[in-house]
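A.B. asks: Here it is, the structure in full.
What follows is calculated from the coordinates using simple rules that are stated; it is not laboratory data. Keep in mind the model is a prediction, meaning the values are calculated, not measured.
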Amino acid sequence: MAAPCGRMASRPLLQFLSRFSRSPVGNTGFRQFSSATVCRAAFQINEAAESANSPWTLMAAVCLQRLPVISADCSPIEQQFKQMLHQIELEKSVLSDHELRLLEDAEKMSRKQADDYDSDEEDSHGDKEIMMAQDLEDIWEQKMKNFQPALRVRADVDKDLTSAERCLADSLVLLAEQEVGDEKLWLLPQTRWQEGETLRQTAERALTSLPAAGFKATFLGNAPCGVYKYKLPKAIRTENSIGTKVFFFKAILADGAPPKTKKAPFLWVKKSELQKYLKPAYMMKVERFILDL
């Protein structure tokens, strides 16, 4: 009996448990096991053990974008195309009610100036004041002159990098000043992953942990859109700590930005301005998933 028991003990755990799934239900009192379930449980255990013993520090960052608020200025070719479409629509359109009324009023005025004009035609209106279509146009023209549209370009606001109201025709990205080792760098908001949470939850925590921020954002999916990996200097690198992996998640600013505070540790910059604040290697990874809408 020792030899069979020895062979059974040496078999893999999955092969041994799979015998229960092949045995008929009526011949045994054991519950059937699925090999897929056992493999999945074993994989989760191995994954948790590997992440706990990984020499890489895991972090999650959020790429928070403020989408354009107003339309961008048209380029010369776009302006020409716009004018062409307007001309086509004008040529194919029919007269509006106001234009028909203008023609009707012009016809009435020509009849009044004729010698055979019958004034009894106006008696049907009684004492009611008649508003001509031309009078309406004069009123609308006066209102148009009094209307002052908001400025598309505000030099004082556009220069304030801490304001989310700058450059309304462009897409902006949030940068936060964070400590990395002994120096402070401008990065996408990031924080270290904690055991028991997903990477997206880590990215959400990185956004909410910004001082005096209170941003409301809509995250675009549960999967990261990019990753940045760097190793520690050889002087401080160990077998248990090789470097850091940063996983990026995209989000859109919702409900506007909170009121700005003095000396805020974050900036709102355009994609073309990122190179002034980000390291080249970091910039190369980030610019891949930032869309300049």
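A.B. asks: HN-Hα J couplings of the stretch 73-80 from phi, Karplus 6.51/-1.76/1.60, θ = phi - 60°, integer Hz, Gly and Pro as x?
C.D. replies: Result, ordered by residue: 5, 6, 6, x, 5, 5, 5, 5 Hz.
A.B. asks: May I ask you to evaluate 6.51 cos²θ - 1.76 cosθ + 1.60, the Karplus curve with θ = phi - 60°, for each residue of the stretch 245-255 and list the ³J(HN,Hα) values in order in whole Hz, giving x for glycine and proline?
C.D. replies: The phi angles translate into 10, 10, 9, 9, 10, 8, 8, 10, 5, 10, 6 Hz.
A.B. asks: What percent of all Cα-Cα pairs in the stretch 148-245 falls in each 5 Å bin, counting up from 0?
C.D. replies: With 5 Å bins starting at 0, P(r) equals 2, 9, 14, 19, 17, 15, 9, 7, 4, 2, 1, 0, 0, 0.
A.B. asks: May I pose another question? With a bin width of 10 angstrom, please list the P(r) values of the stretch 168-225 as percents of all Cα-Cα pairs, from the 0 bin to the one holding the largest distance.
C.D. replies: 19, 48, 29, 4, 0
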